[in-house]
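Notes follow the structure.
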Amino acid sequence: MTTPVNKVVYAVYGASGFGRGVMPLARAQLKSQLDAEMYDLVFIDDGERADIVNGHQVYDFDQFLALDASEKYVSIAIANSQIREKLINKLQQHQIGSWSIIAPTVIQMDDVQIGEGAVLCHHVHLTSNIRIGQFFHANYFSYVAHDCVIGDYVTFAPSVQCNGNVHIGDHAYIGAGAILRQGTPDRPLIIGEGAIIGMGAVVTRDVAAHTTVVGNPARILTAYPSGS
Ligand code: UDP
């Protein structure tokens, strides 16, 4: 389990569904930026796993820690945001940095600020004047329109349509194909912290923190505290 000294090891954490979708993006990104002999690209996964997945070595976290490398960077490709935060805390305890994986088809327009550790899949479109926190995931064909403000550990499944002047709290999860109605500068549409938007939902009103909404127009499925 030795990597030639001075190699940098980049890892995708999670070798399940999302991780296997992200790995080709990671591979293409590194190939376009670095000479092949400068780095290794591996998976980390702590669950039941094969030694090799889609051509990449899979280590558990302890094995990854034991790798001999000049530097290590990890991108977490696990949709569950609570797990993402737990794993980031673990990585930070070991002074291991994160890296962002941005597909070459991603479009970012003017004044887009996005925090560390993002994963932006193919055909994600971020228009202008947007603020996004750390460890954001946007799955393929999602968009974020003008003047949106998005917190930390937010997750967009595929084809999320987030229109302008929408504010989204930390750890919110937006399901596949959901549409968030645009707000206005003085009255943004608010998706609260930890809210879950069901797949295909059409969200026309604010969603309170830790509340699940589904349907068109979106209605509350589970309020917070649960049952209220
Ligand atoms: N996982 C891990 N360490 C953890 C929690 C999860 O390695 O502390 C791995 C887990 O073994 C699984 C992956 O993360 O392989 C999550 O896969 P899942 O299919 O649940 O989610 P997705 O890939 O859709 O985000």
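A few points about this structure:
- Accessible surface of region 10-78, 1.4 Å probe, proportion on carbon and sulfur as whole %: 45 percent
- Local electrostatic count, Ala66, Cβ distance below 13 Å [Lys/Arg +1, Asp/Glu -1]: -2
- FRET efficiency, Gln108 to Arg219 (Cβ-Cβ, R0 30 Å, nearest 0.05): 0.35
- Taking only the Cα atoms of region 1-72, the ratio Rg/Rh comes out at 0.94, with Rh defined as the Kirkwood radius.
- Distance (nanometres) between label positions extended 7 Å along Cα→Cβ at Val202 and Thr184: 2.1 nm
- Among Thr184, Thr212, Thr204, the largest mean-square fluctuation in a Gaussian network model of the chain, built with springs joining Cα atoms closer than 10 Å, belongs to Thr184.
- The distance separating the Cα centre of region 149-211 from that of region 56-118 comes to 24 Å.
- Rounded to 5, the percent of DSSP beta bridges in the chain classed as antiparallel: 10 percent
- Net charge over other residues, Cβ less than 14 angstrom from the Cβ of Ile132 (K, R count +1; D, E count -1): -4
- Distance histogram in 5 Å bins (all Cα pairs of region 156-225, percent per bin): 5, 21, 31, 30, 11, 2
- The residues of region 117-228 expose, per residue, 43 Å² of accessible area to a 1.4 Å probe.
- Based on the Stokes-Einstein relation at 10 °C and a viscosity of 1.306 mPa s, and on the Kirkwood radius from alpha carbon pairs, region 36-87 is assigned a translational diffusion coefficient of 129 µm²/s.
- Counting only alpha carbon atoms, the long axis of helix 17-33 and the longest principal axis of the chain meet at about 60°.
- Within a straight-line Cα-Cα reach of under 14 Å, Lys72 can be paired with the following aspartates and glutamates, leaving aside sequence neighbours fewer than 8 residues apart in one chain: Asp40, Asp62.
- Entry note, region 88-228: relative contact order of 13 percent, from Cα contacts under 8 Å with a spacing of 6+ residues.
- Relative contact order of region 1-95, taken over Cα pairs closer than 8 Å and 6 or more residues apart, is 41 percent.
- Angstrom value of the Kirkwood radius, inverse mean 1/r, which spans all Cα pairs in the chain: 18.2 Å
- Gain in span if fully extended, Ala36 to Ile52, counting 0.36 nm per residue against the direct Cα distance: 3.9 nm
- Solvent-accessible area, 1.4 Å probe, carbon plus sulfur percent, for region 149-195: 52 percent
- Within region 151-228, trypsin sites (Lys or Arg not before Pro) in DSSP loop having at most 15 other beta-carbon neighbours inside 10 Å: Arg205
The values are calculated or read from the model by the stated rules, or taken from the named source; none is laboratory data. Note that the structure is a prediction, hence the values are computed from the model and not measured. Virtual Cβ from ideal backbone geometry, glycine too; neighbours counted across all protein chains shown. Ligands, DNA and RNA are excluded from the accessible area calculation, which covers all protein heavy atoms including side chains. Shrake-Rupley method; radii C 1.70, N 1.55, O 1.52, S 1.80 Å.
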